[in-house]
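The structure appears below as structure tokens.
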Amino acid sequence: RCENLLEVYFQLQQQVMAASTELGPELLSRLLERFSEVLSSLVKSSFLVEKQPPQVLKTQTKFQASVRFLLGPRLLKAAPKPYVVRADMVTEKQARELELSNYSNTLSESTGEILHNTVALETNPTSGTCCANFKNVLLKKIKRCERKGSESVTEEKCAVLFSTNVALTPSNMSIHLQVLSLPIVVIVHGNQDNNAKATVLWDNAFSDIERVPFVVAERVPWDKMCDTLNLKFMAEVQTTKGLLKEHYFFLAQKIFNDHSASPEDFQSRHVSWAQFNKEILPGRGFTFWQWFDGVLDLTKRCLKSYWSDRLIMGFISKQYVCKLLSMKPDGTFLLRFSDSEIGGVTIAYVIRGKDGSSQVENIQPFSAKDLSIRSLGDRIRDLEQLRNLYPNTPKDQAFGSHYNSEWGGPG
């Protein structure tokens with residue numbers, strides 16, 4: 001804890017001062033100078049972002065953030081007027097320069113205009129905290145910087161820099177405190193949100209703790225990507241039922257555009273940022289992430305209970321569905337996420353002719369809008385050709401608890 005380190009610091013300082021005569025003026029001066037450096041470093045490291053700004057930040061939208069000075073209650077003297085913390089937008093280049101200077105440099109120019117960006121640093125005697133709470137901050141506009149190669153605006157990372165000047169008790173040492181938020185992607189339209197979320201997800205998942213802002217690997221192991229997608233899925237949908245090995249296999253086939261490799265082959269591969277959210281999937285008009293995020297949104301809004309009950313196979317190819325259903329009795333069905341549309345779930349079912357031949361049909365995918373009009377459970381009840389959920393569960397037994405009133409409602 002910072003407070004414990006501070007006590008050790010003061011004890012050492014007292015011991016040095018008590019032995020000042022024996023140490024001599026030259027050594028004493030060097031030791032005191034070193035003590036000042038240690039105190040400064042300790043104090044600066046105790047200035048933290050307690051509540052991060054949104055990592056996807058839309059201009060003209062209010063947001064909140066807070067910073068905390070852990071050693072504030074112990075070191076700040078009663079000032080004539082409150083110390084003020086300022087919030088400024090900085091580019092990746094500016095963040096890098098601050099980091100390389102060990103935050104000894106000060107910001108020369110903000111990269112965006114933030115309204116209500118100064119807040120008092122207040123000590124609460126009851127809780128023993130020293131915080132500045134930004135409650136109505138608004139990023140009015142952003143100055144875009146030069147981008148690298150084919151980089152889009154939703155790949156451009158910046159941050160909020162929080163800074164203040166304080167005087168410490170009892171030394172009266174003046175010190176400049178600065179701390180950066182996590183990387184932020186600034187958007188101006190809601191349609192940029194999806195791609196901005198991809199940039200933030202990649203940065204949060206694959207960056208090193210100790211790094212130059214905001215460097216992150218261009219390629220990552222596929223198994224790490226699987227972990228990331230699984231954690232994201234469970235967090236967004238708010239379910240304890242994560243992705244399964246067969247889901248990862250399907251996702252690998254999709255992102256690598258490879259249907260000949262085995263699950264083991266994919267484990268040794270690396271996936272690139274371009275494959276994740278720059279390259280359009282073959283024969284589609286969207287990237288892997290845009291498709292996966294559509295699945296997330298649909299499941300979160302309309303299919304959470306079905307997914308949590310393992311009624312949706314979801315991540316499975318149309319070809320493999322045919323293989324599974326072709327040998328099953330007439331009316332056997334399963335649910336899969338649409339390949340051709342973003343945010344759709346479709347029902348595949350088998351029709352068996354009198355001659356024993358089988359044909360697998362796919363119902364037009366249902367969107368979140370469709371399922372808000374009539375739930376998935378009620379739609380399955382409506383479709384008489386659907387009899388048993390794969391492999392062999394009667395549909396009323398599988399979906400009965402999800403049926404609503406005769407007129408339906410959101411799922």
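The values are calculated or read from the model by the stated rules, or taken from the named source; none is laboratory data. For clarity, every value in this text was computed on a predicted model and none was experimentally measured. Because the Cβ atoms are built from the backbone with ideal geometry, glycine has one as well, and the counts that use them run over all protein chains shown. With ligands, DNA and RNA removed, areas are computed over all heavy atoms of the protein, side chains included. Shrake-Rupley method; radii C 1.70, N 1.55, O 1.52, S 1.80 Å.
If a residue counts only when it is touching a strand residue (DSSP E or B) at 6+ places or on another chain (Cβ under 8 Å), touching a residue at least 24 places away in the same chain (Cβ under 8 Å) and outside the structural domain of residue 342 (by the TED database), which helices (runs of 4 or more DSSP H) contained entirely in segment 182-262 have at least 2 such residues?
Values: elements: 193-206, 222-237, 245-256.
Here the list reads 193-206.
Go through segment 227-252 and give me each residue that's open to solvent by 20 Å² or more (accessible area, probe 1.4 Å) and under 13 Å from residue 310 (Cβ atoms).
Within segment 227-252, 240, 241, 244, 246 meet the criteria.
Among the listed residues 40, 45, identify the single one that is at pLDDT below 90 and farther than 21 Å from residue 213 by Cα.
Just a single option satisfies the conditions, and that option is 40.
Among the residues of segment 61-101, which ones are within 19 Å of residue 44 (Cα to Cα), touching a residue at least 60 places away in the same chain (Cβ under 8 Å) and of a type in the set (D, E, K, R)?
Within segment 61-101, 68, 74, 77, 86, 88, 96, 99 qualify.
Yes/no matrix, rows are residues, columns are (1) touching a helix residue (DSSP H, G or I) at 6+ places or on another chain (Cβ under 7 Å); (2) among the β-branched types (Val, Ile, Thr); (3) in a loop (DSSP other than H, G, I, E, B); (4) not assigned by the TED database to the domain that holds residue 153:
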| position | (1), (2), (3), (4) |
| --- | --- |
| 57 | no, no, no, no |
| 60 | no, no, yes, no |
| 98 | no, no, no, no |
| 119 | no, yes, no, no |
| 126 | no, yes, yes, no |
| 134 | no, no, no, no |
| 137 | no, yes, no, no |
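The rows are residues; the columns are (1) modelled with pLDDT under 95; (2) open to solvent by 70 Å² or more (accessible area, probe 1.4 Å); (3) closer than 27 Å to residue 282 by Cα.
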{"residue": "323", "(1), (2), (3)": "yes, yes, yes"}
{"residue": "326", "(1), (2), (3)": "yes, no, yes"}
{"residue": "348", "(1), (2), (3)": "no, no, yes"}
{"residue": "353", "(1), (2), (3)": "yes, no, no"}
{"residue": "408", "(1), (2), (3)": "yes, no, no"}
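When only residues in segment 62-74 that are assigned to a strand (DSSP E or B) and not polar (S, T, N, Q) count, which is farthest from residue 178 (Cα to Cα)?
Once the filter is applied, the top-ranked residue is 62.
Could you identify the single residue in 194, 133 that is surrounded by 13 or more Cβ atoms within 10 Å (Cβ to Cβ) and under 25 Å from residue 75 (Cα atoms)?
Testing whether each residue is surrounded by 13 or more Cβ atoms within 10 Å (Cβ to Cβ) and under 25 Å from residue 75 (Cα atoms) leaves just 133.
Hey, does segment 340-351 have a residue that's at positive phi, touching a Gly at 6+ places or on another chain (Cβ under 8 Å) and assigned by the TED database to the domain that holds residue 242?
Yes, because at least one residue in segment 340-351 is at positive phi, touching a Gly at 6+ places or on another chain (Cβ under 8 Å) and assigned by the TED database to the domain that holds residue 242.
Condition test on residue 364, is it more than 23 Å from residue 197 (Cβ to Cβ) and under 25 Å from the mean Cα position of the chain (by Cα)? Explain how you work it out, then say what you get.
Working: more than 23 Å from residue 197 (Cβ to Cβ): yes; under 25 Å from the mean Cα position of the chain (by Cα): no.
Taking the combined requirement at face value, the residue does not satisfy it.
Say whether the condition of being within 30 Å of residue 100 (Cα to Cα) and in contact with a helix residue (DSSP H, G or I) (Cβ under 9 Å, 6 or more places away or on another chain) is met by at least one residue in segment 228-235.
Checking segment 228-235: at least one residue is within 30 Å of residue 100 (Cα to Cα) and in contact with a helix residue (DSSP H, G or I) (Cβ under 9 Å, 6 or more places away or on another chain).
Can you pull out every residue in segment 219-267 that is among the aliphatic types (A, V, I, L, M) and within 23 Å of the chain's Cα centre (by Cα)?
220, 225, 229, 231, 234, 235, 237, 243, 244, 251, 252, 255
For segment 134-155, does any single residue satisfy the condition of being free of Cβ contacts under 8 Å to residues at least 24 places away in the same chain and among the polar types (S, T, N, Q)?
No, segment 134-155 has no match at all.
Of all the residues that make up segment 356-369, how many are modelled with pLDDT of 95 or more and open to solvent by 50 Å² or more (accessible area, probe 1.4 Å)?
1
Within segment 373-399, how many residues turn out to be polar (S, T, N, Q) and closer than 16 Å to residue 345 by Cα?
Adding up the residues that qualify gives 1.
Could you list, in sequence order, all residues of segment 307-321 that are more than 18 Å from residue 281 (Cα to Cα), assigned to a helix (DSSP H, G or I) and open to solvent by 60 Å² or more (accessible area, probe 1.4 Å)?
Passing the criteria: only 320.
Among the residues of segment 293-330 satisfying the criterion of being within 28 Å of the chain's Cα centre (by Cα) and of a type in the set (Asp, Glu), which is nearest to residue 395 (Cα to Cα)?
So the residue we want is 309.
Cβ contacts < 7 Å: first residue more than 14 Å from residue 246 (Cβ to Cβ), restricted to segment 308-322; second residue open to solvent by 60 Å² or more (accessible area, probe 1.4 Å), any location; separation 6+ or different chain. Result?
Sorted first by the residue in segment 308-322, then by its partner, the pairs are 308/241.
Could you list all residues from segment 273-306 that are more than 17 Å from residue 318 (Cα to Cα) and surrounded by fewer than 14 Cβ atoms within 10 Å (Cβ to Cβ)?
274, 280, 285
Kindly provide the set of residues from segment 65-88 that are modelled with pLDDT of 85 or more and of a type in the set (D, E, K, R), ordered by number.
68, 86, 88
Output the number of residues of segment 328-348 satisfying the condition of being farther than 21 Å from residue 247 by Cβ and part of a strand (DSSP E or B).
So the answer is 0.
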